[in-house]
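This report concerns only the one structure given below.
The values are calculated or read from the model by the stated rules, or taken from the named source; none is laboratory data. Computed from a prediction, not measured in an experiment: that's the story for all the values here. Every residue, glycine among them, receives a Cβ derived from its backbone with ideal geometry; neighbour counts consider all protein chains shown. Surface areas here come from the heavy atoms of the whole protein model, side chains and all, with no ligands, DNA or RNA. Shrake-Rupley method; radii C 1.70, N 1.55, O 1.52, S 1.80 Å.
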Amino acid sequence: MPARNILVINCGSSSIKFALVNEAQEHFPLSGLAERLGSPEAILHWQQGDERDSLVIAGADHRLALSHLLPIVQRVAAGELHGIGHRVVHGGEYFSGATRLDTISLQAIRQVAPLAPLHNPANLLGIEAAMKLFPGLMQVAVFDTAFHQSLPEHAYRYAVPAALYREHGVRRYGFHGTSHRYVSHKAAQMTGLPPEASSWLVAHLGNGCSTCAVENGHSRDTSMGLTPLEGLVMGTRSGDVDPNLHSHLARTLGWSLEQIDAMLNKDSGLLGLSGLSNDMRTLEQAREQGHAGATLAIEVFCYRLAKSLAAMSCALRRLDGLIFTGGIGENSALIRSKTLDHLGLLGFTLDPAANARCIRGVAGAIHADGHPRVLVVPTNEERQIALDTLALLD
Ligand code: ADP
């Protein structure tokens, strides 16, 4: 059987990220982004090998953008497209794995939309457009939350009245599951350990950041909760704050819920602390030049990350290694080193040369000999979504 092609689609409210994944090729034959959809500036960018191209698609919505993408995909895939994998942020308690998209699964994704009001409706736009455009093709949804459905109840319940959970689904769900699953499986492969008999702590550090405890291929705890705001300091998100902050700001400053939500999600995190940027590269450069805000943002980021990893270790009975991934985890030797400085009590010590070497997609072990294993493992959510789609095709 020739190697199969899967189109992976990740829809935002005004954008579509896509990648064509071939099961036999390490690099994506085609990838790109349609952005500013619904506006006169709508544009489709794509990359095939080293060649980049773009097409102005003024006023295009998701469906029109996908219809422009279709012939490009078919050409690159030589007419052999076998399925479409959609990233969906929230699967609630309905989905503990990838699912084939049909009227029943679509209905369930709509039902959990109140839990992810910014994301699921946008994901649905892409799914509905793709199902109309490619009616004969198998389409699959892969959820950010699904991997964490294996959390034990003591890890996923909040200490609030039980009726809020039973009647309104108020619990911890966790996100970034596709990435945590991919890198923990990869780490097992890299070290020759069976995925179903190995235990990992994972730090996924991108614009959004989360930690996860993975035991024998199952998520046992994770730092994000009901929404992707809980847990670590992120690019623009605060992570954990005192839950009374909302009422304090409302009482003392008269802020509305919308203002507080926007502040915690868009103006906080690295950006809020530094007063400079949400981008770790910018902050590292500014720190070298003595910028006090950037220095503080990095200190808080690493300390809070270390605290979260120590907390996650409660979920494991054994530890085979700690994994760094995501744009920051894969590239920042400084953040890895400063974080592990706080975890000396657990025995973590880095090999500075190996730590410096593992950047820009280089995977490997970065711990000093005789100390607990630490790995840098580049994530690849598109490939994992394609693998899940292929598994359902089979
Ligand atoms: P997303 O969550 O949007 O997928 P990424 O995983 O691409 O984000 O991560 C983006 C973050 O990675 C940004 O904060 C960026 O500054 C950081 N990053 C990328 N390269 C480096 C680098 N060389 N050093 C430090 N941080 C980096």
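Here are some notes:
- Condition met for residue 227 (within 16 Å of the ligand (Cβ to nearest atom), buried (at least 16 other Cβ atoms within 10 Å of the Cβ), of a type in the set (Val, Ile, Thr) and within 21 Å of residue 343 (Cβ to Cβ)): no
- Among residues of the range 37-59 being closer than 20 Å to residue 86 by Cα and crowded, with 17+ Cβ neighbours inside 10 Å, the one that is modelled with the lowest pLDDT is 37.
- Residue match in the range 294-303 (condition: more than 16 Å from the ligand (Cβ to nearest atom), in contact with a His (Cβ under 7 Å, 6 or more places away or on another chain) and open to solvent by 20 Å² or more (accessible area, probe 1.4 Å)): yes
- Positions within the range 213-224 being touching a helix residue (DSSP H, G or I) at 6+ places or on another chain (Cβ under 7 Å) and within 15 Å of the ligand (Cβ to nearest atom), in sequence order: 223
- Test: residue in the range 110-121 that is open to solvent by 40 Å² or more (accessible area, probe 1.4 Å), free of Cβ contacts under 8 Å to residues at least 24 places away in the same chain and of a type in the set (S, T, N, Q): yes
- Evaluated against (1) farther than 12 Å from residue 9 by Cα; (2) open to solvent by 10 Å² or more (accessible area, probe 1.4 Å), residue 124 falls short on exactly one condition, (1).
- Total residues in the range 65-86 satisfying the condition of being open to solvent by 60 Å² or more (accessible area, probe 1.4 Å), within 11 Å of residue 5 (Cβ to Cβ) and not in a loop (DSSP other than H, G, I, E, B): the figure is 1.
- Identification of helices (runs of 4 or more DSSP H) wholly contained in the range 109-171 with 3 or more residues that are touching a Ser or Thr at 6+ places or on another chain (Cβ under 6 Å) yields no element.
- Taking the criterion of being in contact with a helix residue (DSSP H, G or I) (Cβ under 8 Å, 6 or more places away or on another chain) and buried (at least 22 other Cβ atoms within 10 Å of the Cβ), the residues of the range 321-330 that qualify are 321, 322, 323, 324, 325, 326, 328, 329.
- Within the range 265-278, residues that are at pLDDT 95 or above reach partners that are of a type in the set (Phe, Trp, Tyr) with beta carbons closer than 7 Å, at six or more positions or on different chains, in the pairs 270/301.
- Matching residues in the range 189-207 - criterion: being under 28 Å from residue 282 (Cβ atoms) and surrounded by 21 or more Cβ atoms within 10 Å (Cβ to Cβ): 201, 202, 203, 204, 205
- Residue list for the range 153-211, filter: farther than 21 Å from residue 113 by Cβ and charged (D, E, K, R): 153, 157, 181, 186, 196
- Strands (runs of 3 or more DSSP E) enclosed by the range 10-64 - at least 1 residues per element that are closer than 23 Å to residue 88 by Cα: 16-22, 30-35, 43-48
- Residue match in the range 269-292 (condition: aliphatic (A, V, I, L, M), away from the ligand (no atom under 13 Å from the Cβ) and exposed (fewer than 15 other Cβ atoms within 10 Å of the Cβ)): yes
- Residues in the range 250-266 that are exposed (fewer than 14 other Cβ atoms within 10 Å of the Cβ) and not in a helix (DSSP H, G or I) were compared, and the one that is farthest from the ligand (Cβ to nearest atom) is 254.
- Residue in the range 91-101 that is open to solvent by 10 Å² or more (accessible area, probe 1.4 Å) and either modelled with pLDDT under 95 or over 29 Å from residue 208 (Cβ atoms) (or both) present: no
- In the range 333-364, the residue that is nearest to the ligand (Cβ to nearest atom) out of those that are touching a residue at least 60 places away in the same chain (Cβ under 8 Å) and surrounded by 20 or more Cβ atoms within 10 Å (Cβ to Cβ) is 335.
- Residue identified as hydrophobic (A, V, I, L, M, F, W, C) and outside any helix (DSSP H, G or I) among 322, 305: 322
- Residues that are part of a loop (DSSP other than H, G, I, E, B) and crowded, with 18+ Cβ neighbours inside 10 Å within the range 374-394 comprise 377, 378, 379, 380, listed in sequence order.
- Filtering the range 315-329 to residues that are within 12 Å of the ligand (Cβ to nearest atom) and either touching a strand residue (DSSP E or B) at 6+ places or on another chain (Cβ under 6 Å) or without any contact (Cβ under 8 Å) to a residue 24 or more places away in the chain (or both) leaves 324, 325, 326, 328, 329.
- Extreme residue, farthest from the ligand (Cβ to nearest atom), among residues of the range 232-249 that are assigned to a loop (DSSP other than H, G, I, E, B) and open to solvent by 10 Å² or more (accessible area, probe 1.4 Å): 244
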